[in-house]
Amino acid sequence: MEKSEVLRIIESAWAQKRAPDFRRADLSRLDLRQVNLRRANLNEADLFAADLREAVLNNASLIFANLMKAKLQGADLSHANMVFASLHLADLTAAEMSEVNLSAADLLGATLHQARLFGATLAEANLSEVVLSEAILKRAVLTESNLTGAVLAGAVLSGASLKYAVLAGADLSEADLSEAALTGADLTGARLSGAVYNEATRWDAGVNPAGLGAKKSRRWFLF
């Protein structure tokens, strides 16, 4: 499919007051910068290496979509349904992803530096080797996610659920872990130097966060 056809379908859909339908469409490598795909149905669409920088995808459905190596810097993916989506090596730097659903999605090696994932759901997602430095993950659900070797330096994880997450070898230095739940999490080899936690942060019995380099604060950070 060519970009002109994509724009024609979008215009026609909105004229008929319905969401654009790109189910199973081949949109690979297309230049879709700043295109408005709000509420679009992109289930199982092929967006391999597509350029979606600053595109509007809020409330879109991208279930099982292929976004491998896609450029999504500054894109708006808030409230999007991306269950089982493939974002292997995708670039989501500074993307707006509040309340996105990425359950069981594959983000191996993706970049989400400074992305906003407030209240996002990433349960059982593959986040190994992902760059989430300075990302906002406040109240995010990362239960049973794989964060092996992930970079979360300076990330805000206050109120987040990391229950039974695999954080082996992850970099959590300077991260905000206030009110976060880390019970059952695998912290083998994780780096917590300068990370902040408080009385409400939940750890497994026997875990000594101070011994891992984290520092306790008396402040409550979540609102």
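Under 25 °C and 0.890 mPa s, how fast does the chain diffuse according to Stokes-Einstein, given a Kirkwood radius computed over C-alpha pairs? Answer in µm²/s, whole number. All intermediate terms of the calculation are to be shown ahead of the outcome.
Working: Rh = 17.5 Å.
Calculated translational D: 140 µm²/s.
Provide the net charge surrounding Ala70, with neighbours chosen by a C-beta distance below 10 Å and charges set as Lys +1, Arg +1, Asp -1, Glu -1.
Numbers: positive: Arg29, Arg53, Lys69, Lys71; negative: Asp51, Asp91.
Charge balance in the 10 Å sphere: +2.
log10 I(q)/I(0), Debye, Cα-only segment 25-66, no solvent, q = 0.20 Å⁻¹?
So the normalised log intensities work out to -0.53.
In degrees from 0 to 90, rounded to the nearest 10, what is the angle of the helix 3-15 Cα long axis to the longest principal axis of the chain?
The helix 3-15 is inclined about 90 degrees to the chain.
Show me the ranking of peptides 19-32, 166-179 by mean Cβ neighbours inside 10 Å, starting with the highest.
Numbers: 19-32: 17.7, 166-179: 23.6.
Final packing ranking: 166-179, 19-32.
Does segment 46-92 classify as rounded, prolate or oblate by the C-alpha gyration tensor (a ≥ b ≥ c root eigenvalues; a/c under 1.5 gives rounded; else a/b over b/c gives prolate, otherwise oblate)? It would help to have the intermediate numbers written out before the result.
Working: a/c = 1.88, a/b = 1.04, b/c = 1.80.
Judged from the Cα gyration tensor, segment 46-92 comes out oblate (a/c at least 1.5, b/c at or above a/b).
How would segment 75-145 be classified by its alpha-carbon gyration tensor: rounded, prolate or oblate, with rounded meaning a/c under 1.5 and the a/b versus b/c comparison settling the rest?
Working: a/c = 1.25, a/b = 1.04, b/c = 1.21.
Because its axes are fairly even, with a/c under 1.5, segment 75-145 counts as rounded.
Can you figure out the FRET efficiency of Asp21 with Thr183, using R₀ = 35 Å and their beta-carbon distance, to the nearest 0.05?
Values: r = 42 Å, r/R0 = 1.21.
Using R0 = 35 Å, I get an efficiency of 0.25.
Would you calculate the volume per residue, in Å³, of the smallest convex hull containing every Cα atom of segment 1-74? Show your work: numbers first, answer last.
Values: hull volume 5.1 nm³, N = 74.
Cα convex hull per residue, to the nearest whole number: 69 Å³.
List the pair-distance distribution P(r) of segment 97-196, using every Cα-Cα distance, as the percent of pairs falling in each 10 Å bin from 0 up to the bin containing the longest distance, rounded to whole percents.
Pairs per bin, as whole percents: 21, 62, 17, 0.
Taking springs between alpha-carbon atoms closer than 10 angstrom, which of Val207, Val196, Val141 fluctuates most in the Gaussian network model of the chain?
Largest GNM mean-square fluctuation: Val207.
If I build a Gaussian network model for the chain, linking alpha-carbon pairs within less than 10 angstrom, which residue out of Lys71, Lys138, Lys17 has the largest mean-square fluctuation?
Lys17
Can you give me the Kirkwood hydrodynamic radius for segment 19-143, using every pair of distinct Cα atoms, in Å to one decimal? Please list the in-between numbers first.
Numbers: mean 1/r = 0.0742 Å⁻¹.
After inverting the mean inverse Cα-Cα distance, the result is 13.5 Å.
Rule-based calculations on the coordinates, nothing more; no lab input. Worth saying up front: this structure is predicted, and the values here are computed from it rather than measured. Quick reminder, even Gly has a Cβ in these numbers, built from the backbone with ideal geometry, and neighbours come from all protein chains shown.
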